[in-house]
Each structure stands twice: as structure tokens, then as C-alpha cells.
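Take a look at the structure set out below.
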Amino acid sequence: MLKFQLFVDIPLFRQTADQCSSPSANRSEAEASCYNGEVFTVYAIYNKKHKKIYIGQSEDYMRRIKEHNDPTNTKHRFTKKFDGEWKLIYKEEFISRIEALKREKQLKSYQGRQFIKNKIINIPL
């Protein structure tokens with residue numbers, strides 16, 4: 001049985017260290033486009049028992065998925081409502097949190113959810 005994991009390599013604009021510290025640059029734009037080694041992951045998890053999808057983003061998505069599956073964790077209100085295991089079905093990696101948040105918002109839209117649902121059809125859960 002095949003396990004599905006999709007890794008999307010999205011090239012993002014990266015600035016040099018000189019450009020990042022440029023006083024004329026908009027600070028938030030410079031910070032967003034300066035790669036400092038952090039990777040932010042937008043992920044979708046699926047609960048087969050309740051046929052529910054959760055889309056989120058994190059700097060440490062593996063820890064977050066463990067938290068979603070921990071019944072004693074009180075942080076995640078949506079996933080806590082549904083018993084059963086939450087499994088990773090999709091992820092994308094970004095070098096800035098701003099880009100990850102933008103993509104998370106896109107995936108939470110109607111078209112984004114349809115995109116994720118089409119992925120579920122092809123996954124042997």
C-alpha cells in the first residue's frame with residue numbers, strides 16, 4: 001500500500017544579507033524574504049472517522065500533528081472535538097511565515113479545500 005506525501009518545492013524570492021539590512025527596504029518585506037534557516041510548513045491533516053480536514057501552518061509540523069492527536073491537549077479546539085487519528089495528507093514548505101500564512105489562507109478557501117479534497121480521493125487512507 002502506498003503512502004502519500006506531496007512535497008512542493010516553491011521557489012521564493014531571496015535577498016542577500018546586504019539587501020535584508022538595507023535601511024530603505026520595507027522591514028517586514030525584508031524580513032519575509034531573508035532566509036534564516038527556518039522552514040515553515042503549511043499542512044493538511046485528515047480524520048477518516050469523521051471525514052474532517054484541518055489546515056494549519058507551523059515551524060514544527062510534526063510536533064503540531066502530535067498535539068492534534070493528543071486528547072489531553074487543550075490548544076487545538078477544532079481537532080479536539082473529533083476522536084480518531086489525524087493523519088498528514090498534504091504539506092508545503094516555505095522560507096517565510098508570511099508566505100506560509102498566505103498559502104494557509106488560500107488552502108482554507110473553497111477552492112483550496114477542493115484542491116485538498118481531490119488529493120484525498122487519490123490517497124489510500
Inset, instruction - Determine the pairs where a residue that is closer than 17 Å to TYR46 by Cα, located within the stretch 93-116, has a partner that is β-branched (Val, Ile, Thr) and modelled with pLDDT of 95 or more with Cβ atoms under 9 Å apart, the partner being 6 or more residues away or on another chain. - result: GLU104/VAL42; GLU104/ILE55; LEU107/VAL42; LEU107/ILE55; LYS108/ILE55; GLY112/ILE55; ARG113/ILE55; ILE116/ILE55
Inset, instruction - Given the conditions (1) within 13 Å of the chain's Cα centre (by Cα); (2) modelled with pLDDT of 95 or more, report the number of the one that ILE116 does not fulfil. - result: (2)
Legend entry - Tabulated pairs, the stretch 52-80, first within 15 Å of TYR90 (Cα to Cα) and touching a residue at least 24 places away in the same chain (Cβ under 8 Å), second of a type in the set (Asp, Glu) and surrounded by 18 or more Cβ atoms within 10 Å (Cβ to Cβ), C-beta under 7 angstrom, 6+ apart or interchain: ILE55/GLU104; GLY56/GLU104; GLN57/GLU104
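The values are calculated or read from the model by the stated rules, or taken from the named source; none is laboratory data. Everything quoted here is computed from the prediction, not taken from an experiment. All Cβ positions, glycine included, derive from the backbone under ideal geometry; neighbour counts span all protein chains shown.
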